[in-house]
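**Q** Shown below is the structure under consideration.
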Amino acid sequence: MSFRELSMVQIKEVLRRWQAGQSARQVARDGVVDRKTALRYIAAATELGLAATSALDDEAIASVAARVQTRPTIDPSDEWNALAARRPQIEAWLRRERPLRLVRVHDLLSREGVEVSYSTLRRFAHKELEWRERPATVLVDDPPAGEEAQIDFGLMGTIRDEGGVVRKLWALIVVLSLSRYMFVWPTFVQTTEAICEGLDAAWKFFGGIVARVVPDNPSTMVLRANAKSPELNRAFLEYAQARGFFVDPARVRHPKDKARVENQVPFVRERWFDGETFLDLADARRSALHWCREVAGVRIHGTTRRVPREVFESEERALLRPPPEAPFDVPVWTTVKVHPDHHVQVARALYSVPTAYLGQSLEARLDRSTVRLYHRTDLIKAHVRVAPGKRSTDAQDYPVGKAGYAQRSVASLLSRATEQGANVGAFVARLLDGPLPWTKMRQAYGLLRLCEKYGAARVDGHCARALSFDVLDVGRIERMLKDARRVESEGESSGKVIALPLGRFARDPSVFATRTSREDGGGR
């Protein structure tokens, strides 16, 4: 199986847990990455001199990623390939209404000529099909005080919003696993922003933050559900990193992984929502806050036979970390492509990127104030966020000599013209001296190209003549240069010096000579 590169957010999560004192085995147990992968990144960080107090900035994470991820890919074995070719049949045997035991699957494969070891078949079923033997049922003990909170969404019913429109009302339910103290946050949506807002409200309600959160698997929190290595939504993972808690998602179709909140959904719906009338969402939130503190919090819990609020006050509150002081700026991650004009489009605005990344795909991180662009684990550009339809361009991102053209810089164009000669600079200055200089910039660039083609000294001389006659015509200068080159070419081929033909109205100089009165016979 090919090596899967971790993103910079995932690498930061592994290193953050390592700095918090977690072992590689504990990181794997929480489903971040497997133990061997965690060991590789922890070993790389140690070799680079990172310590528990070192800052996990973009440069440090990129260094660790470069040390771990630069190695050859290991091809799968022949046995693994043989099983991959029979994957549909193996999956059908294991997913049928009355599934076959893995030992029986091994026997059937051997009968059909697929000779693989049982351990390889078992690893294939675990890794590729996410198949597991049915585990024995055990009673899981409560976690230590202040360590864990389980969260879930539940549909309550419908209410009217501020505009009078009837909408579905969801409730984000947060339950502290030890005390069973509960917080309910009504909301119309289940976006990542709504979840972060609801959790911040929960930390304020509890007066602190727990060490670990056990959510379900909505895409707003978990992009790819997996029993061993779930892939978290990067925006939600950044929220967890900012608030200092770890995320341990429940397995798909395993409600017992978060049993302490699972059965609270119908309880909240029946005991708080049903039969009530709310003016709007704000009214529902005020009601839920009072109900959690004065009704659900002071009841005797059916399982623990203790009062949740009393247990929380006596055993958990002191162990929570301080609540956040400011709301979290929820980022938006997206994949963008660098266009030939050196820009990417993020939230309908354009942001420049260096030439080296033209045509490549980048990861863009967008928040309220900044836009950060990453190539794999490297931060390559950061911009201040601009409004839709606007653009943020760094002139240094363009190739040398192209920034002035792209930005229509009159000063840059005059400077380049002056470098070719004083008369060229004066000609361009006269050319651009007007209310709309941009309309003459193409002619000015055309004059600079003539300097490259015919030589700056020769063009400078023709510009001097044009200025003396107040003729600002780049096309005429180009024709004069072409005529001069043609005459030179003919002279070189014939070995003669050929003068340029006289103009249409040219006259001999003697025609314009002034005769004196003595030469006229004295009559004048």
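The values are calculated or read from the model by the stated rules, or taken from the named source; none is laboratory data. These numbers were taken from a predicted model, which means no experiment stands behind them. We place every Cβ from the backbone using ideal geometry, glycine too, and count neighbours over all the protein chains shown.
**Q** Which is touching a Phe, Trp or Tyr at 6+ places or on another chain (Cβ under 7 Å) and outside the structural domain of Tyr181 (by TED's automatic domain parsing), of Pro308, Pro324? Spell out the reasoning first.
**A** Working: Pro308 fails: outside the structural domain of Tyr181 (by TED's automatic domain parsing).
Only one candidate qualifies: Pro324.
**Q** While we're looking at this one, here's another question. What number of residues in region 287-310 are surrounded by fewer than 13 Cβ atoms within 10 Å (Cβ to Cβ) and either touching a His at 6+ places or on another chain (Cβ under 9 Å) or part of a helix (DSSP H, G or I) (or both)?
**A** Qualifying residue count, region 287-310: 3.
**Q** Here's another thing I want to ask about it. Looking only at residues that are touching a Pro at 6+ places or on another chain (Cβ under 8 Å) and outside any loop (DSSP other than H, G, I, E, B) in region 212-222, which one is nearest to Val175 (Cα to Cα)?
**A** The extreme case among them is Val214.
**Q** Could you check how many residues of region 333-363 are assigned to a strand (DSSP E or B), closer than 21 Å to Val9 by Cβ and among the hydrophobic types (A, V, I, L, M, F, W, C)?
**A** 5
**Q** Considering only residues of region 162-194 that are in a strand (DSSP E or B) and β-branched (Val, Ile, Thr), which is farthest from Asp329 (Cα to Cα)?
**A** Out of the qualifying residues, it is Val166.
**Q** Here's a follow-up. Mind listing just one residue for me: the one in region 30-53 that is surrounded by fewer than 19 Cβ atoms within 10 Å (Cβ to Cβ) and touching a Ser or Thr at 6+ places or on another chain (Cβ under 9 Å) and, of those, nearest to Ser63 (Cα to Cα)?
**A** Step by step, filter region 30-53, then rank; the result is Leu48.
**Q** Continuing with this model, one more query. Go through region 311-323 and give me each residue that's part of a loop (DSSP other than H, G, I, E, B) and surrounded by fewer than 17 Cβ atoms within 10 Å (Cβ to Cβ).
**A** Start the filter on region 311-323 by keeping residues that are part of a loop (DSSP other than H, G, I, E, B), which leaves 320, 322-323.
Hits for region 311-323 are Pro322, Pro323.
**Q** Checking the structure you have, find out if any residue of region 84-107 is of a type in the set (Asp, Glu) and either touching a strand residue (DSSP E or B) at 6+ places or on another chain (Cβ under 9 Å) or within 30 Å of Pro266 (Cβ to Cβ) (or both). Explain how you work it out, then say what you get.
**A** Keep residues of region 84-107 that are of a type in the set (Asp, Glu), which gives 91, 97, 107.
Right, trim to either touching a strand residue (DSSP E or B) at 6+ places or on another chain (Cβ under 9 Å) or within 30 Å of Pro266 (Cβ to Cβ) (or both) and you get 97.
Within region 84-107, one or more residues are of a type in the set (Asp, Glu) and either touching a strand residue (DSSP E or B) at 6+ places or on another chain (Cβ under 9 Å) or within 30 Å of Pro266 (Cβ to Cβ) (or both).
**Q** With (1) at pLDDT 85 or above; (2) part of a helix (DSSP H, G or I) as the list, and Ala387 as the residue in question, which single condition is left unmet?
**A** Exception for Ala387: condition (2).
**Q** Right, here's the next one. So is Glu363 surrounded by 16 or more Cβ atoms within 10 Å (Cβ to Cβ), under 28 Å from Arg67 (Cα atoms) and acidic (Asp, Glu) or not? Walk me through it before giving the result.
**A** Working: surrounded by 16 or more Cβ atoms within 10 Å (Cβ to Cβ): yes; under 28 Å from Arg67 (Cα atoms): yes; acidic (Asp, Glu): yes.
Judged against the criteria, Glu363 is a match.
**Q** Give me the residue from region 141-171 that is closer than 14 Å to Lys258 by Cα and without any contact (Cβ under 8 Å) to a residue 60 or more places away in the chain and, out of that set, farthest from the chain's Cα centre (by Cα).
**A** Within region 141-171, the match that is farthest from the chain's Cα centre (by Cα) is Asp141.
**Q** Just to verify a result, which residue in region 426-452, among those that are charged (D, E, K, R) and free of Cβ contacts under 8 Å to residues at least 24 places away in the same chain, is surrounded by the most Cβ atoms within 10 Å (Cβ to Cβ)?
**A** Step by step, filter region 426-452, then rank; the result is Lys440.
**Q** Now for a separate question. Looking only at region 361-378, which residues are touching a residue at least 24 places away in the same chain (Cβ under 8 Å) and touching a strand residue (DSSP E or B) at 6+ places or on another chain (Cβ under 6 Å)? Walk me through it before giving the result.
**A** Of region 361-378, the ones touching a residue at least 24 places away in the same chain (Cβ under 8 Å) are 361-369, 371, 373-374, 376-378.
Residues satisfying the conditions are Ser361, Leu362, Glu363, Ala364, Arg365, Leu366, Val371, Leu373, Tyr374.
**Q** Which of the following residues is surrounded by 14 or more Cβ atoms within 10 Å (Cβ to Cβ) and either part of a loop (DSSP other than H, G, I, E, B) or on the phi > 0 side of the Ramachandran plot (or both): Val371, Val330? Before the answer, list the steps.
**A** Working: Val371 fails: either part of a loop (DSSP other than H, G, I, E, B) or on the phi > 0 side of the Ramachandran plot (or both).
Selected residue: Val330, the only one of Val371, Val330 that is surrounded by 14 or more Cβ atoms within 10 Å (Cβ to Cβ) and either part of a loop (DSSP other than H, G, I, E, B) or on the phi > 0 side of the Ramachandran plot (or both).
**Q** If Glu276 satisfies all but one of (1) in contact with a helix residue (DSSP H, G or I) (Cβ under 8 Å, 6 or more places away or on another chain); (2) of a type in the set (D, E, K, R); (3) at pLDDT 95 or above, what's the number of the condition it fails?
**A** Here Glu276 clears every test but (3).
**Q** Kindly indicate the residue of region 231-262 that is touching a Pro at 6+ places or on another chain (Cβ under 8 Å) and assigned to a loop (DSSP other than H, G, I, E, B) and also surrounded by the fewest Cβ atoms within 10 Å (Cβ to Cβ) among those meeting that condition.
**A** Once the filter is applied, the top-ranked residue is Pro249.
**Q** Name every residue in region 1-57 that is farther than 26 Å from Ala250 by Cβ, touching a Lys or Arg at 6+ places or on another chain (Cβ under 6 Å) and not in a loop (DSSP other than H, G, I, E, B), in order of residue number.
**A** Ala44
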